[in-house]
1. Could you tell me which of the residues A:ALA242, A:ALA270, A:ALA219 is within 14 Å of chain B (Cβ to nearest Cβ) and surrounded by fewer than 20 Cβ atoms within 10 Å (Cβ to Cβ)?
2. Can you find a residue in region A:368-379 that is in contact (Cβ under 8 Å) with a residue 40 or more places away in the chain and within 12 Å of another protein chain (Cβ to nearest Cβ)?
3. If B:THR57 satisfies all but one of (1) within 12 Å of another protein chain (Cβ to nearest Cβ); (2) surrounded by 22 or more Cβ atoms within 10 Å (Cβ to Cβ); (3) in contact with a Leu (Cβ under 7 Å, 6 or more places away or on another chain); (4) under 30 Å from B:LYS137 (Cβ atoms), what's the number of the condition it fails?
4. State all residues of region A:48-95 that are small (Gly, Ala, Ser), away from every other protein chain (no Cβ under 14 Å) and closer than 26 Å to A:GLN363 by Cβ; if no residue qualifies, say none.
5. Quick one: would you say A:ARG129 is charged (D, E, K, R), within 12 Å of chain B (Cβ to nearest Cβ) and part of a loop (DSSP other than H, G, I, E, B)?
6. Could you please give the count of residues in region A:8-53 that are in a strand (DSSP E or B) and either under 19 Å from the mean Cα position of the chain (by Cα) or surrounded by fewer than 24 Cβ atoms within 10 Å (Cβ to Cβ) (or both)?
7. Among the residues that make up region A:294-302, is at least one of them farther than 16 Å from A:VAL11 by Cβ and small (Gly, Ala, Ser)?
8. Before we move on, is A:PRO191 within 22 Å of A:ASN364 (Cβ to Cβ) and surrounded by 15 or more Cβ atoms within 10 Å (Cβ to Cβ)?
Amino acid sequence: MDNGFDADVIVIGAGGGGAVAAKELGEKGLKVLILEAGPWYGNSKWPEPNANAGAEESSSNDDLDIGLLKRIFTDLEDDMNDAITGKFRWGPADRNLSPWLRINEKGGFVWQSAGVGGTTQLYFANCPRAYPSAFESDWPIDYEEMIPYYEKVEGTLPVREATGTSKENLFFYGAKQMGFHYISETNLTEPGYRLQPNGILGINPMLSNPDFDLENNQAVGCTLRGHCVNGCCIGPNVGSVAKRSTLVSYIPYALATGNVEVMPNSFVTAINTGENKEEGLYAASVTIRNTWTGEVSERKAKVIVLSAGAIESPRLWLNSNLPENKWVGRGMTTHMIDCVSGIFEEDLMKVLGMSDVKPYVGQNSAARLDYPGLGAFEPFGTSPGIYATMIYGTSQKGYYFQNQTTEEEPWDREGIIAGELLKEFMRNYQRTLSIVVFSDDDVNQKNGVTLDPERKDENGYIPIISYEISEADRERRDQLVGLAAELLKKAGAKTVSRANWPPDVCAHIMSTMRIGFVTDSNCEALQVKRLFIADNSVLCNGLGGPNPTLTTQALATRTAQKIAEKYFPANTAT
Amino acid sequence: MKKNIQNLNNGFLDKNVVYDYVVNTFRAYADAMIPQSPNLAKQYGKIQFYGALESYTAEYLIMSLDSYPTPFAIAAAEILNLAAKQYLMDKGEDWDLPDDSGGVYFLKLTPEDRLKTIDRITSTDGIIYIPAGLLMKPGDIAPVLPALNRLTMMGYYSEWSGYGSTRFMSPNLRVLEYIPISWKQIGYPGPFLGYRIPGGYKFAQKQ
């Protein structure tokens, strides 16, 4: 650009939030450069994205290649989701290199992926709105103000009612037995169960035709094959893949504007500032490190959007020595995720008209039960390695034989399942229904992300995640997990196990750069002008329990509008 | 093994001895997590007999731990054996292993005690078992230890063992050669392109 900038706006991170901001800004005619730390799957400029550096950038939908995406997304869960060497990991594209380190102090882990599409590459695509009640405390904007932005994202992804299979049938049966009601509202104030609002296209209408050739399927639509988490690649082209990760939705929409360029394999290691009389400190440029070559360069823009995720965004702030703010990295919420699972015998027939649940079939999670005040939970199923680690392999309570279960507890055992019992339980994989529980955790300034004072990697000091559960949090969590376990019993489970995950497992990582505390109500940093935040970190709290991505995307849509209004008024005529 | 650890510390490293020590330790752990099961085999068919040992799950764990920025497998094996030795002492059992034992105290424990030992080192005060003289800090390895349980299940129940002769190659070079035993044990058919029921679907009912 002839004004000395490399772009009007630089977006750091091509995940659930950054891709949305980029598309919205591109549509307003602004030149946007997205810098993404991880690889770009399904782009012909990177034919071997995990083996070779490939090109520097891509800015055209002509580069997207569904055949390539299908070759890379192998449906094999260790290949895709191994936390250390998988294609979806927090690490560089070159899988011969180590993952990037984070330290979870309490035994948890971070389930997050680098790459264009970020963690939406592997998310279940569940898109509920926040509970309106969550906006009553601390948020500087009203829930009502969010509604048009929710509607815009819901129309764009698009979000629609999920399609259930047997696991959802069984879940609904249990919910009904407990006396819960089906709810059809979008803005929830009362408990109830429903099909997920999710970002997955409708079912391929040819699917029930026994003559339909799945091998050469060129139709649009979900085929219920159960690989949301391992990377969906079902569709005639990248932009119409069934599960709407930003890799296949907002990124192609952004490219279609003709104004957006994406540089993968580009880790931003610093935000550099300038200072002037009018604004004080402002964001001026970023420093990038190429993950293949190690080459360091600088890019300048008028505005910088930080969308590196709820761990890396505060880490980058701190590593860039931006001004001290007692809320940077602090106040993290995680939904204190936990899992319960029940094993059913073959009399499942009576309920389902079939003899098993088949957790590997269907959308990974197509139903939910919302309980404003406590949180939410959802039945889920995946391929067996991930399933076993989630329901039997993760606990803060040690092994099941070390725990006594009391009469009042609706589960039969608690802790890691091991030994012959693990094999016996997994032998019942086909007849296992599992529920993942998201509890509403309060913002606590002690929880969050800090930098290790000594240990660095090539991108700066490494982040340490500390999280402690409060007594009120624990009560809500136990109550909600209890309801989920009871649902399984009411549905007819012969035996129910609670995992009891460490609360610092980070799959819903939120509120580490809170709106109103680190940023103003437009998501512009209070202490650094022209630096905006558009990822889960800027959420003000844990939304009451619902999955955060949709709210982050709605807020990013709003933020893009605010950026244009304030810094590019000529582009806001529409 | 004392001797071997000293050798290690002196930079004089007998690779085979160290390998045996590490692999035997992890096999003892993986076997406790996912054992061979003659009982299940009797009840449900021969395939249920096999466990982590047949599927190289210990080797998967070693490979995984050594893929972190700081390779952890040797250190983790030392920690397991130190904790096992302590565990045997606490129980008042004979813990002084003969010189030719290879120092694998962990192997001397019952499967349940092996898991109790793992639990000790993954609890917040488990940090005391981290041996002095390691190049890494306790803070480097302590957060990695709880991942062992998840890694074991991922290694065993995912496709990884089916990579056969390519399983230890760089991830880009692995090829699925056969259906893992675990998939046969649990009835997982492997990836498929679509799920159809003749005559259409009975989708989840709302009421």
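1. A:ALA219
2. Yes.
3. (3)
4. The answer is A:GLY67, and nothing else.
5. No: the conditions fail for A:ARG129.
6. 4
7. yes
8. no
The values are calculated or read from the model by the stated rules, or taken from the named source; none is laboratory data. Remember, it's a predicted structure, so these values are computed and weren't measured experimentally. Glycine also receives a Cβ, built like all others from the backbone with ideal geometry; neighbour counts cover every protein chain displayed.
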